[in-house]
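What follows draws every value from the coordinates through simple rules; no lab data is involved. Not measured: the values here are computed from a predicted model. Backbone-built Cβ (ideal geometry, glycine too); neighbour counts: all protein chains shown.
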Amino acid sequence: MHELIITPFLDDYVVLCPGNHGGLRLPLHQYRELVQVAADGGRCPPWLADAVRQGWQFDISGRPLNELAVVRDESPHGYVRATYELNLGCNYDCEHCYLGLKRFEGLAWPERERLLYILRDAGVVWLQLTGGEPMIDKLFLDVYGTAYELGMMLTILTNGSRLANPKILELLTTHRPHEITISVYGATEASYDGLTRRRGAFKAFSRGLASAHEAGLPLKLSLIITKTNAHEVEQMQAMGDALGIPHHLYVNMSPTIYGGAETLPSQSVEYLRKRKPFTGCNAGHTFFHVDPHGMASICKIGRDPNISLIEEGVDGLVRLGEIADSLLLRQGGCTGCGLQGTCGTCMPLVQLYRKAKAPLAAYCQHREPREEVAG
Ligand code: SF4
Ligand code: SF4
């Protein structure tokens, strides 16, 4: 199992250490030297051993480079980040869940394995595994293990309910992720089980959180605030503080990915937050999203048009940049809007709100937020 990833990254070359923060930037000639050393089955050069000792305090001097590092090739595609939704299925039924139907569907193993190699060939270094609940997917362990072996830095978005599972804990502690973000739906059984509409959900979450914390995994908490749990915000924050786990609030609820409005009544009006001005993003250019069927889209919100990576392979991605440019262009009622410069809602999200016939205040500056959403 490798301890380092040596890889091109945008216009740079870097050394990364799974499970650890930070990285070492390499000039091209040192990256090339490492590619050659790995191809020749040689030992780690002293300059790399020194840098690793300084950066991460462990000793690799004299060890064969191939044994301790994955050396990634250059990719002509230039994507460095991706999100992969293993399966939309979930063991919860949250009132605010933007996935709507949450169908249990995903690729069989041979296609999934192929997909992971396509992500590697696209240049993806940072991969987020998500769902639905990714850890209830029957191929989660295989997907995680293969992505890790291919030299990707992994993050996981989870509800935490399966984190006490011994097989999952064993894999995550031996093959450390970069980060695990656990969504938190309440500080008490009443609000947590109420929001997720599952009895026993709070107990499963509490067990998972305790096990992952005890195992020293790199955790973050995303505190999801809806009408059901808004009275417990301080308790939820205190839960993170008591464990020394960083946390942030997630407060603006979106329509479903199908443009459904059923999630919007869960919005806590008190916590509705004005979005920061949207100043553009690299969706479709340096990152992309892949759904459970291997369909690549610019992001989780702008899912159409999309490209079948299983049918077209990595070369299908050449069309994604053009798709991104057309999706992000202001259109419909936003064409020529004088407030565009300070608008916090990107165009694909505006489209979902419109499809859901959401109150204008939920996404557009032409209304005062709180009154209209409350009404
Ligand atoms: S845990 Fe996540 S994926 Fe599952 S229902 Fe809740 S919000 Fe949706
Ligand atoms: S302020 Fe409203 S109309 Fe203007 S760009 Fe944003 S969403 Fe569109």
Point-charge dipole on Cβ atoms (K/R +1, D/E -1) for the chain, about Cα centre, debye to 20:
860 debye
Find which of Ser161, Phe202, Val233 sits farthest along the positive direction of the dipole of the chain, computed with +1 on the beta-carbon of Lys and Arg, -1 on that of Asp and Glu, about the Cα centre.
Val233
The chain: most fluctuating residue of Ile60, Ile307, Ile224 per GNM, C-alpha cutoff 10 Å
Ile60
Rounded to one decimal in nm, the spacing of the 7 Å Cα→Cβ label points at Leu101 and Ser206 is 3.7 nm
Do the alpha carbons of any pairs in Lys300/Lys357; Lys138/Lys220; Lys227/Lys276; Lys167/Lys355 sit beyond 31 Å of each other, and which pairs?
Lys167/Lys355
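Let a ≥ b ≥ c be the square roots of the eigenvalues of the Cα gyration tensor of segment 4-71; is it rounded (a/c under 1.5), or, if not, prolate (a/b larger than b/c) or oblate? Each step should come with its number before you reach the end.
Numbers: a/c = 1.56, a/b = 1.04, b/c = 1.50.
Because a/c hits 1.5 or more and a/b fails to exceed b/c, segment 4-71 counts as oblate.
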What is the distance in Å between the Cα centroid of segment 38-107 and that of segment 293-312?
21 Å
Non-local amide H neighbours of Phe9 (under 5 Å, H modeled in plane, Pro and chain starts lacking H): which ones?
Val14
Take the Cα of Trp47, step 7 Å along the line toward its Cβ, and report every residue of segment 1-36 whose backbone nitrogen sits under 13 Å from that point.
25-35
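Explain nothing, just the number: relative contact order of the chain, from Cα pairs under 8 Å at least 6 residues apart, as a whole percent.
Reported relative contact order: 15 percent.
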Return the FRET efficiency for the residue pair Ala261, Glu311: r is the Cβ-Cβ distance, R0 is 25 Å, and the value is rounded to the nearest 0.05.
0.15
For Gln340 and Glu113 in the same chain, what is the full-extension length gain: residue separation times 0.36 nm, less their Cα-Cα distance, in nm?
77.5 nm
If I model a spin label at Glu322 and Leu10 as a point 7 Å from the Cα along the Cα→Cβ vector, what separation in nanometres do I get?
2.6 nm
